[in-house]
Structures are given as C-alpha cells and as structure tokens.
Amino acid sequence: MLPAPAVQSGLGAAWAVAALGDGAVSASGSKLMGHFPLAWQLPVVSVVRDAEAQLLPDVGAIVTCKVCNINSRFAKVHILYVGSTPLKSAFRGTIRREDIRATERDKVEVYKSFRPGDIVLAKVISLGDAQSNYLLSTAENELGVVVAHGEAGVRLVPISWCEMQCPRTHTKEFRKVARVQPQFLQT
C-alpha cells in the first residue's frame, strides 16, 4: 500500500488525497470527480446495512417463545418467531398469571402452566411496559405450551388441556397445553 501523496502548492502547504468511493476523490477538503493515478488509490471503507428490516411483534400477532424463568406472578419468555418468521434477535416478553387462561383466572398457578425451557404459542396483547417487555397472553385454547421436556429430558406428550406425560417414565406434569391448529405445524 502506498502512502497518500503530499503535493506542494504555491504556498508550500502539503495536502493528501483520499478516496471517497467509486470515481470520487477528496483533496485538501475539495471533492473531485474522475479518475486519479493508480499510485494514489487508497483503500475504501464502506458501510452496508442489512437489506431486511427487523420484524417487530405487533398487537394481535401470534408469537412462538421460550420460557426463561417463572415466579408466582408471571413467566418471562424470549420471543423467537412472529407467526412463522424467525427473528434475528429475540425480544423479551412477559405472560402474567391473569393472562394464562380465559376462565378461572384467579386460580391459575404459573408453575402448573409453564416451566423454563417450554416452547409456547402466545398472542401479543400489549407492546410493553417500562422494562421493554411485550405483554403476552395464552388465554385461548389454541395458545399455550406446544413443546416441553420432562424431568427425564424426554419430550412430553399432551394428554389433556392441562397435563402432559413422559412417554418413558409415564409421569404426568401440569402445563397449559395448546390445542395446536394445522396452520401452526411445520412439516
């Protein structure tokens, strides 16, 4: 790589030449168009943005998320898909206890509905709170846990709207099970 040339002007000041891009040069603060000698060419740095903008969950959208942690009041999740479109980076979401079921909302227990690691279908009900979490709901039959693993590490099989069973140990675990619709299944 050659250094930028220093050229003496009538006043004896040195100036440098820098490449601005295809066919453009900057010399002593002036922009010039056209070609310049190959010996003067410098590396060009370009900034390129992603062609696609990041898809954002919107109110009413069905999202696929993974449960990160739970407590007695809510489940924290990472939103991985909006509809069938994967997200480039996960968004945070919260499923509050009162948004888990449509009926008997006061009797719902979060630990009997979700466990960390569960994959859940949910609907976006609000764009967030002060912690920048999306508020989600599973208060429809089609929403809830779609994939869960039991204590033995084996994928659980749904046996009712509120239970899943381990095919190896036959132990039952409580979950808010989704009645999965064909449009949510990928082959």
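Coordinate-derived values only; no laboratory data. Given the structure is predicted, the values throughout are model-derived calculations rather than measurements. Note: ideal-geometry Cβ built from the backbone for every residue, glycine included; neighbour counts use all protein chains shown.
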Quick one: putting +1 on the C-beta of Lys and Arg, -1 on the C-beta of Asp and Glu, what dipole do you get for segment 67-138 around its Cα centre, in Debye to the nearest 20?
100
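What is the dipole size for segment 62-181, taken about its Cα centre, with +1 at each Lys and Arg Cβ and -1 at each Asp and Glu Cβ, in debye to the nearest 20? Before the final figure, lay out each step's value.
Values: 19 positive and 12 negative charges, 41 e Å.
Using Cβ point charges on Lys, Arg, Asp and Glu, segment 62-181 gives about 200 debye.
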What list of ³J(HN,Hα) couplings, whole Hz, do you get for segment 57-63 from phi and the Karplus terms 6.51, -1.76, 1.60, once you set θ to phi - 60° and write x for glycine and proline?
x, 10, 4, x, 6, 8, 10
To make sure I understand the rule: partners must be lysines, Cα under 22 Å from the Cα of Lys66, and not fewer than 8 residues away in the same chain. Which ones qualify?
Lys76, Lys88, Lys112, Lys123, Lys172, Lys176
Label model pair Leu55, Ala90: point-to-point distance (7 angstrom along the Cα→beta-carbon line) in nm is 1.8
Would you work out which of Val145, Leu80, Trp161 lies farthest towards the positive end of the dipole of segment 62-181? Charges go on Cβ: Lys and Arg +1, Asp and Glu -1.
Leu80
Rank these for me by crowding, Arg101, Arg155, going from fewest to most other beta carbons within 10 Å.
Arg155, Arg101
In whole Å, how far is the Cα centre of segment 60-129 from that of segment 139-173?
16
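Fully extended, how many nm does the chain gain between Ser46 and Cys68 (0.36 nm per residue separation, minus their Cα-Cα distance)? Each step should come with its number before you reach the end.
Numbers: separation 22, 0.36 × 22 = 7.92 nm, distance 3.87 nm.
Working it through step by step, the gained length comes to 4.1 nm.
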Please report Thr171, Thr94 as a ranked list, fewest other C-beta atoms within 10 angstrom at the top and most at the bottom.
Thr171, Thr94
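Using the eigenvalues of the Cα gyration tensor, what equivalent ellipsoid semi-axes result for segment 62-181 when each is taken as the square root of five times the eigenvalue, whole Å, largest first?
Details: eigenvalues 99, 51, 33 Å².
Its equivalent ellipsoid spans semi-axes of 22, 16, 13 Å.
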Give me Ser72, Ser137 sorted ascending by neighbouring Cβ count inside 10 Å, so fewest comes first.
Ser72, Ser137
